[in-house]
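As structure tokens, the structure follows; a few thoughts come after it.
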């Protein structure tokens, strides 16, 4: 079973080609402790202009990048925004384009300012599709930094918020069901205007003194669990019933006859945090996280690399869940690169 | 006469919308003196894949971003690379795409390493066209920083290298003339593999103790002179005959019956540096620059903003050049946004 997506395989190759020692976490950590991350939103791949307005697009473009800083427990400071736009003589007139851009920057700036970050630069270019390239620069939290590779056997696995709402919202946006749009505003908002979990990440890094693992679930909960397990050389057991799923997500999934856990595990774009921390500490502190599983030691293998992949076991009542063949498979992720 | 391009007008609006105090120079200067700049290359706008190979595209993508650090006299340190690529099931197979990417990163890394910079992160996304978004992060030179707004009346205007070669090279690449490709390799190289003028910028900032103005001529010599004059609230007189133009550029222009000064002033993408410095210092130091003009005080106006635009006078034998109506007009730039 191939457990690694093509994108992840390609990232490893790029790391080798570029000789970079920085690639591999949500942010690069620079020599002076600053954090840097870059994320691109492409029209037709990450958004459709008939499903999102320009203010929401601005908010979302900022939020997904701040989420990468949250994924290290850091504090965002600076943002650059590189916009590629179709020429104004195309579908939009120059006046319309300026109105769109004003809305875009209103949304972007509202999100940035909420978390004490600001735009410091950018670039404007012409292209066939709208492409939004954002780079976020932040500083490490004074209590330290949480990386993907910090999970240890015995840790509990904890998450913020709930999962699957963004995928559910996207499904509503792409469909013709006007009633669903009115009935499930939280699902639309989860997709269109995600909240980066910065405050939650700061609480975590402070309370744990940065002992543990952290990343954001931008590519889905399953992917986040896999990445943490791979980089920490551990396995993870997840209690399926403990994965937080909102009432609206559950209700909308039921109305379609779908399993909301499918969205939660593989849908992506929830921008929640996934962390591990010491079990005894978890029992004594109050954190805006919920426990969904435990980290377990990975059994010794014969040394064959293909056998040494992490296993993320999905349990129901302590037994492997028959709904998901008992283990996460990244080939089920909704979006694969290439 | 409208002297400001639509792009420049839009950048001013974005500065207002975002409330950013950082926008306006080649790089943003962060609180700790770090420099940040972002530039995007879009297929069909900035390059065509039938005119440039992937190794050259990697080199060029890195070089144009390092040039922004050079434009402040800074030292580049870190680079992020966000790549948007068509899906591998399109024109290229997966194997071809990986081969292309390997070449891209070979070219990018070769350029970065030459100037002690390295890739620290990136992003991979799918889109219809190839879009390359790069963010460069650097540190200020220990001798200080040169900004666009540092020009003073009496300064000399100096430049690195020569101008117009990139536009000439592009013309050859876009045309069918195979003989020209063989005859003018320097013009092709100027366009495909520009050299960021980092060493020259460090020599300048050291020798001038950062008294003067500096920017790169990525949007053409005329644009660079205009930006420096506008931000420094001065005018500039340029001796047309002093603008350095290579023998190959002159010869190729002559073969087409064109004026190479047109390419030099308005063609863009030469990535040379344009600076001003004290005249008495210029007479005593040795720098890898050539003098092309002088900074003069801007005459007082009635206060009407539209009259207070900078004038970049183009002189021949001390008289306004009839070839260019005597003054630069940014509407002649080859590329306008929108």
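Could you count how many residues in segment A:101-130 are in a helix (DSSP H, G or I) and touching a strand residue (DSSP E or B) at 6+ places or on another chain (Cβ under 9 Å)?
Qualifying residue count, segment A:101-130: 6.
Counting just the residues of segment B:10-40 that are outside any loop (DSSP other than H, G, I, E, B) and more than 8 Å from chain A (Cβ to nearest Cβ), which one comes out surrounded by the most Cβ atoms within 10 Å (Cβ to Cβ)?
B:35
Looking at residue A:136, is it within 14 Å of another protein chain (Cβ to nearest Cβ), under 22 Å from residue A:195 (Cβ atoms) and surrounded by fewer than 24 Cβ atoms within 10 Å (Cβ to Cβ)?
no
What do you reckon, is residue A:56 touching a residue at least 12 places away in the same chain (Cβ under 8 Å) and not assigned by TED's automatic domain parsing to the domain that holds residue A:45?
no
Do you know which residues across segment B:119-133 are at the interface with chain A (Cβ under 8 Å from one of its Cβ atoms) and more than 21 Å from the chain's Cα centre (by Cα)?
B:119, B:120, B:121, B:122, B:123, B:124, B:125, B:126, B:127, B:128, B:129
Out of the residues in segment B:54-68 that are within 12 Å of chain A (Cβ to nearest Cβ) and in contact with a strand residue (DSSP E or B) (Cβ under 8 Å, 6 or more places away or on another chain), state the one that is surrounded by the fewest Cβ atoms within 10 Å (Cβ to Cβ).
Among them, the one singled out is B:64.
Residue check: is residue A:73 touching a residue at least 40 places away in the same chain (Cβ under 8 Å), surrounded by 22 or more Cβ atoms within 10 Å (Cβ to Cβ) and in a loop (DSSP other than H, G, I, E, B)?
Answer is yes for this residue.
Yes/no per residue for (1) at the interface with chain A (Cβ under 10 Å from one of its Cβ atoms); (2) under 24 Å from the mean Cα position of the chain (by Cα); (3) at pLDDT below 95:
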position: B:72; (1), (2), (3): no, yes, no
position: B:76; (1), (2), (3): no, yes, no
position: B:91; (1), (2), (3): no, no, yes
position: B:94; (1), (2), (3): yes, no, yes
position: B:105; (1), (2), (3): yes, yes, no
position: B:110; (1), (2), (3): no, yes, no
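Can you name every residue in segment B:42-51 that is more than 8 Å from every other protein chain (Cβ to nearest Cβ) and surrounded by 19 or more Cβ atoms within 10 Å (Cβ to Cβ)?
Correct list: B:47 only.
Checking residue B:170 against (1) farther than 30 Å from residue B:235 by Cα; (2) surrounded by fewer than 21 Cβ atoms within 10 Å (Cβ to Cβ); (3) touching a helix residue (DSSP H, G or I) at 6+ places or on another chain (Cβ under 9 Å), which single condition isn't satisfied?
Unmet for residue B:170, out of (1) farther than 30 Å from residue B:235 by Cα; (2) surrounded by fewer than 21 Cβ atoms within 10 Å (Cβ to Cβ); (3) touching a helix residue (DSSP H, G or I) at 6+ places or on another chain (Cβ under 9 Å): (2).
Please verify whether segment A:214-226 includes one or more residues that are at positive phi and not assigned by TED's automatic domain parsing to the domain that holds residue A:107.
Checking segment A:214-226: at least one residue is at positive phi and not assigned by TED's automatic domain parsing to the domain that holds residue A:107.
The values are calculated or read from the model by the stated rules, or taken from the named source; none is laboratory data. Computed from a prediction, not measured in an experiment: that's the story for all the values here. With ideal geometry, Cβ positions are generated from the backbone for all residues, glycine too; neighbour counts draw on all protein chains shown.
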